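A.B. asks: Provided herewith is a single structure, encoded as structure tokens, for subsequent inquiry.
Taken together, the values in this text are just the output of simple stated rules run on the coordinates, not laboratory data. These figures come from a predicted structure and were not determined experimentally. Here the Cβ is made from the backbone with ideal geometry for all residues, glycine too, and neighbour counts use every protein chain on show.
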Amino acid sequence: MAATKTPIVEAQMLIRKPVAIVFQAFIDPEITTNFWFTKSSGQLEIGKTITWEWEMYGVSTNVFVKEIVPNKKLSIEWDNTPDVTVDFEFTQLTDETTYVVIKNYGFKETGDDLIQAIKDNTGGFTTVLDGMKAYLEHNLKLNLIGDKFPKELSNHGQ
């Protein structure tokens with residue numbers, strides 16, 4: 001066993017929809033844009049680099065798709081950095097319910113910067129799952145990501 005524990009951000013949520021629908025919601029940007037980013041250069045495919053944009057903030061990120069196991073797991077690298085990985089794990093609990101766990105790890109930050117990165121990513125992925133639940137279960141677009149840092153507040157770090 002390693003002496004040093006690797007920090008892992010983890011967020012999870014039960015989604016009351018079949019696993020195939022929940023899985024597809026992360027693969028297909030036509031669905032994902034209803035609860036996460038506002039624009040995508042394409043659907044997730046193994047070995048492909050996709051750009052996700054949050055137009056309201058004027059930011060984007062490149063994601064490299066490392067692994068896709070249909071209805072089980074997605075694994076991506078943020079900004080083409082092999083050390084910073086996000087895994088999306090899907091567990092079918094019943095025919096109509098899916099448990100989603102998002103794990104983010106490989107942080108390079110240390111000290112207070114690491115604590116801030118963990119807080120930001122935990123909050124961010126929790127917000128994504130909350131928005132996904134509302135959209136998939138109730139067809140509600142809560143605009144959670146867009147409202148997280150209102151433009152009227154200029155001190156949010158963006």
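A.B. asks: Distance in nm between label sites at Phe149 and Tyr105, each 7 Å beyond Cα in the beta-carbon direction?
C.D. replies: Inter-label distance under the simple model: 2.7 nm.
A.B. asks: Quick one: grab Rg to one decimal and Dmax as a whole number for the stretch 1-47, Cα atoms only, in Å.
C.D. replies: 15.1, 43
A.B. asks: May I pose another question? At a temperature of 10 °C and a viscosity of 1.306 mPa s, determine how fast the stretch 45-132 diffuses translationally according to Stokes-Einstein, using the Kirkwood radius over alpha-carbon pairs as Rh; express D in µm²/s, rounded to the nearest whole number. All intermediate terms of the calculation are to be shown ahead of the outcome.
C.D. replies: On the way: Rh = 14.3 Å.
My calculation gives 111 µm²/s for D.
A.B. asks: With springs connecting C-alpha atoms under 10 Å apart, model the chain as a Gaussian network and identify which of Lys17, Lys72, Lys108 has the largest mean-square fluctuation.
C.D. replies: Lys108
A.B. asks: Where does the charge balance sit around Gly42 when Lys and Arg score +1, Asp and Glu -1, over other residues with C-beta under 15 Å from its C-beta?
C.D. replies: Working: positive: Lys39, Lys48; negative: Asp28, Glu30, Glu45, Glu53.
Around Gly42, the surrounding residues sum to -2.
A.B. asks: Follow-up question, since we're still on this one. For the pair Ile21 and Glu96, how long in nm is the line joining their label points, each one 7 Å along Cα→Cβ?
C.D. replies: According to this spin-label approximation, the distance is 1.0 nm.
A.B. asks: Now for a separate question. Below 14 angstrom from the Cβ of Glu137, what's the summed charge of the other residues (Lys, Arg +1; Asp, Glu -1)? The partial results should precede the final answer.
C.D. replies: On the way: positive: Arg16, Lys17, Lys133, Lys141; negative: Glu96, Asp130.
Net local charge, Glu137 excluded: +2.
A.B. asks: Karplus couplings for the stretch 84-98 from phi (6.51 cos²θ - 1.76 cosθ + 1.60, θ = phi - 60°), rounded to Hz, Gly and Pro as x?
C.D. replies: 9, 10, 10, 10, 10, 10, 10, 10, 6, 8, 9, 4, 10, 9, 9
A.B. asks: What nm distance separates the two modelled labels at Thr61 and Ile46, each placed 7 Å from Cα along Cα→Cβ?
C.D. replies: Modelled inter-label distance: 2.4 nm.
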